[in-house]
Amino acid sequence: MSNHQTATIEWRDGIIPVSKQFDDPYFSIASGLEETRHVFLAGNDLPDRLCDGFHVAELGFGTGLNMLALALLWQGGEVIRFTSFEAFPMAAEDIRISLKAFPEVAEVAEPFLQAWEQGLRQFRVANVEVDVIIGDARETLCAWGDTADAWFLDGFSPAKNPELWTSDLMAEVGKHTNISGTFATYTAAGHVRKSLADAGFDVERVTGFGRKRHMSRGTFQGCSPCL
């Protein structure tokens, strides 16, 4: 096991996990699963694009809810890949408690929870091969030798967790994205959109989920600094 720091959690209303490191909840109080589906799945035009070997990458693993939503979505016989970068992994028991809020994911959650309890960070959930890379993404993404077809940019809010939204890190996202690959994120912060545009994405601001008026999504076009 690594010596990386584990997430410290406090519970809001007894059911919503809030990161003490960043003073931000892990998922929407209204409906975290529906937000995941709106922002990250629909925002990346999934499941229409999913196919054998398709690779989803993510900044901010959290409770694993996005990964589980993807596993529920993908009913094809082929295997897809999911790589997530997480600096402060949650304890298995905290994840288990958190996911009780979403009984719909229970059918795919148990293999994940058992693997996580055993300290495994590479495992399979349904037809999704999962690799969770622990450490500061500003270091681990640079060292990653792979590329993604779609990105879930799901760090804590830019105001609370600015380190995960720097222009340098967004440039690394671009460098690790296949041409015509996509990203989606709940934030519409102007500096984030600019950084992603500078990284080679055609960025658009679209309707957000629930009370959030806007979110961002985009398609990677490639750019000379990134190639």
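Values as computed for the structure displayed
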{"read-out": "Gyration tensor verdict on segment 74-155 (Cα atoms; rounded if a/c is under 1.5, prolate if a/b is larger than b/c, oblate otherwise)", "value": "oblate"}
{"read-out": "Distance (nanometres) between label positions extended 7 Å along Cα→Cβ at Glu78 and Asp202", "value": "2.3"}
{"read-out": "Whether the chain is rounded, prolate or oblate, judged on the alpha carbon gyration tensor where a/c under 1.5 counts as rounded", "value": "rounded"}
{"read-out": "Gln114 paired with Arg49, simple spin-label distance in nm, labels 7 Å along Cα-to-beta-carbon", "value": "3.3"}
{"read-out": "Bridge type composition, segment 67-146 - antiparallel percent by DSSP, nearest 5", "value": "35"}
{"read-out": "Accessible area (Å², per residue) of segment 109-175, counting only protein heavy atoms and a probe of 1.4 Å", "value": "42"}
{"read-out": "Pairwise Lys count, the chain - Cα closer than 19 Å, eight or more residues apart or different chains", "value": "4"}
{"read-out": "Prolate/oblate/rounded label for segment 9-82 (Cα gyration tensor, a/c 1.5)", "value": "prolate"}
{"read-out": "Heavy-atom accessible area per residue - segment 4-60, 1.4 Å, Å²", "value": "44"}
{"read-out": "Mean Cβ neighbour count within 10 Å, used as a protection proxy, ranking 135-144, 67-76 highest first", "value": "67-76, 135-144"}
{"read-out": "Accessible area of segment 155-195 belonging to carbon and sulfur atoms, whole % at 1.4 Å probe", "value": "56"}
{"read-out": "Surrounding net charge for Gly190, when Lys and Arg each add one and Asp and Glu each subtract one, Cβ distance under 13 Å", "value": "+2"}
{"read-out": "Electrostatic dipole magnitude of segment 52-131 [Cβ: Lys, Arg +1; Asp, Glu -1; Cα centre; debye, to 20]", "value": "60"}
{"read-out": "Spatial separation of Cα centroids for segment 183-217 and segment 32-50, in angstrom", "value": "14"}
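The values are calculated or read from the model by the stated rules, or taken from the named source; none is laboratory data. None of these values were measured; they are calculated from a predicted model. Ideal geometry is used to build each Cβ from the backbone, glycine not excepted, and the neighbour counts take in all protein chains shown. These area figures cover heavy atoms from the full protein model, side chains too; ligands, DNA and RNA do not enter into them. Shrake-Rupley method; radii C 1.70, N 1.55, O 1.52, S 1.80 Å.
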